[in-house]
């Protein structure tokens, strides 16, 4: 049996910018991506804690250390700077892999300047 489970999560990330005139995606500080094992162009689900929007796109790396979370393309309509979002990535695991799975989780605060919790 194949199971679709949470692999990575960045919780309470603050949107820092948006760019409507871009092809699409969510730009995420490369350090945050590395901390949760999120790859460039990987499919992600985003939940906006301020307005309830949920949407899918793909991750691209923003400069390391920038603390950036930038909505690009059509996703720019789904949030604004200052909104808090949860960024999730799921993967397919077999039952043996699922039993040992420990998702990598990062919880941010203070406009992405502080890591409150890191798991995995």
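Values quoted throughout were computed directly from the atomic coordinates according to the rules given, and no laboratory measurement underlies them. Predicted, not measured: the structure shown is a model, and the values here were computed from it. Note: ideal-geometry Cβ built from the backbone for every residue, glycine included; neighbour counts use all protein chains shown.
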Taking 0.36 nm per residue of separation between residue 31 and residue 117 and subtracting their Cα-Cα distance, the length gained on full extension comes to 29.5 nm
With label points set 7 Å from each Cα along the Cα-to-Cβ direction at residue 39 and residue 64, the distance between them in nm comes to 1.9 nm
Computed curve, the chain, Cα-only Debye sum without solvent term, log₁₀ I(q)/I(0) at 0.09, 0.15, 0.18 Å⁻¹, is -0.23, -0.61, -0.87
From fewest to most C-beta neighbours within 10 Å, the residues 19, 68, 8 line up as 19, 68, 8
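With runs of 4+ DSSP H residues as the only contributors, calculate the mean residue ellipticity of the chain at 222 nm using -39,500 (n - 2.57) per run, divided by the residue total and rounded to the nearest 500.
Using -39500 (n - 2.57) per qualifying helix, the result is -2500 deg cm²/dmol.
Want the number for residue 12 to residue 97: 0.36 nm per residue separation, take away the alpha-carbon distance, what's left? Mind dumping the intermediate values first?
Numbers: separation 85, 0.36 × 85 = 30.60 nm, distance 2.76 nm.
Stretched out fully, the residue 12 to residue 97 stretch lengthens by 27.8 nm.
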Extension length gain for residue 54 and residue 80 (0.36 nm per residue less Cα distance), in nm, is 8.0 nm
Within segment 12-51, the residues whose backbone N lies under 14 Å from a label point placed 7 Å from the Cα of residue 4 along the Cα-to-Cβ direction are 43-46
One would report the antiparallel percent of DSSP beta bridges in the chain, rounded to the nearest 5, as 70 percent
